[in-house]
1. For segment 139-160, indicate whether the set of residues that are out of contact with any helix residue (DSSP H, G or I) (no Cβ under 8 Å at 6 or more places or on another chain) and under 15 Å from Gly23 (Cβ atoms) is non-empty.
2. Anything in segment 23-71 that is surrounded by fewer than 20 Cβ atoms within 10 Å (Cβ to Cβ) and either among the polar types (S, T, N, Q) or under 15 Å from Phe161 (Cα atoms) (or both)? List them, or say none.
3. Filter segment 61-81 down to the residues that are of a type in the set (Asp, Glu) and within 20 Å of Arg149 (Cβ to Cβ) and list them by number.
4. Does segment 178-213 hold any residues that are in a loop (DSSP other than H, G, I, E, B), within 19 Å of Ala153 (Cα to Cα) and either of a type in the set (Asp, Glu) or in contact (Cβ under 8 Å) with a residue 40 or more places away in the chain (or both), and which are they?
5. In segment 150-174, what residues are part of a helix (DSSP H, G or I) and touching a residue at least 60 places away in the same chain (Cβ under 8 Å)?
6. Just for segment 160-217: of the residues that are closer than 24 Å to Thr105 by Cα and basic (Lys, Arg), which one is surrounded by the fewest Cβ atoms within 10 Å (Cβ to Cβ)?
7. Across segment 9-28, what is the total count of residues that are of a type in the set (A, V, I, L, M) and under 18 Å from Gly171 (Cβ atoms)?
8. Looking only at segment 1-13, filter to residues that are touching a residue at least 60 places away in the same chain (Cβ under 8 Å) and surrounded by fewer than 16 Cβ atoms within 10 Å (Cβ to Cβ); which one of those is farthest from Glu84 (Cα to Cα)?
Amino acid sequence: MASSPLSVGLLLFPALTQLDLTGPYEVFARTPGVTVHLIWKTSDPMVADRGMAILPSTTFDRCPPLDVLCVPGGPGQIALMEDEQTLAFIRRKSEEVSLITSVCTGSLVLGAAGLLQGYKATTHWASLDQLALLGAQPVAERVVEDRNRITGAGVTSGIDFALSVVARLRGAEVAQNIQLQMEYDPAPPFACGSPRVAPADLTEHARQQSAAFIAKRLEVTKRAAEKLR
């Protein structure tokens, strides 16, 4: 595969889930010829939902041309869906990149920007049904590719997602080398990482725990859907 320089931009915003961003970052940063940019409105440190502070490397105004744009998710995604400055930036960059991508509920932000209408996409299992409101076709898979849209499911799937992107851009051998370097060989202690394998009572408990928050997200998704119409 060609190894011409590539520029990957990861959106960094308040109250994101850090692993949505840092998992893909680790993969992309290990890829030959790839420069990774962490992008936000300002250069101020952004505090993730669990308290980790992360420093942007560029701003909306100074962001260089990108080949890949990735939007992570997390609680702060709700505000982004009605943040016109951020949505305008995403739309503008979507016109220059070769791949428009997301991890977890970052796909809902892409949807709010009008970039998933008619595309298959995924997100965290607890919010998967909300994608349909934004014109996407929800798919319950860890990584979903549809033309130049690549979306990852919840949180930890960001590593799988990024390896898939690297395989597409640099070839499977490069992606496999990175996976080996990272010793990404998942062997979780419990078979409960998704509703497909988790006991029904555990899944229901998790749904109940997040019900109020998911309802809040749904209201914003509905408003974003109305704007798209």
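Computed from the coordinates by the stated procedures, all read-outs in this text should not be read as laboratory data. It should be emphasised that the depicted structure is a prediction, and the values quoted were computed from it without experimental measurement. In this analysis, Cβ positions are derived from the backbone assuming ideal geometry, glycine residues included, and neighbour counts consider all displayed protein chains.
1. yes
2. If the condition is that a residue be surrounded by fewer than 20 Cβ atoms within 10 Å (Cβ to Cβ) and either among the polar types (S, T, N, Q) or under 15 Å from Phe161 (Cα atoms) (or both), then Glu26, Ala29, Arg30, Thr35, Thr42, Ser43, Ser57, Thr58, Thr59 are the ones that fit.
3. Asp67
4. Asp185, Ser194, Pro195, Arg196 - these are the residues of segment 178-213 that are in a loop (DSSP other than H, G, I, E, B), within 19 Å of Ala153 (Cα to Cα) and either of a type in the set (Asp, Glu) or in contact (Cβ under 8 Å) with a residue 40 or more places away in the chain (or both).
5. Answer for segment 150-174, where residues must be part of a helix (DSSP H, G or I) and touching a residue at least 60 places away in the same chain (Cβ under 8 Å): Gly158, Ile159, Phe161, Ala162, Leu163, Val165, Val166, Arg168, Leu169, Arg170, Val174.
6. Restricting to residues being closer than 24 Å to Thr105 by Cα and basic (Lys, Arg), the top hit is Arg196.
7. Of the residues in that region, 1 qualify.
8. In this case the residue turns out to be Met1.
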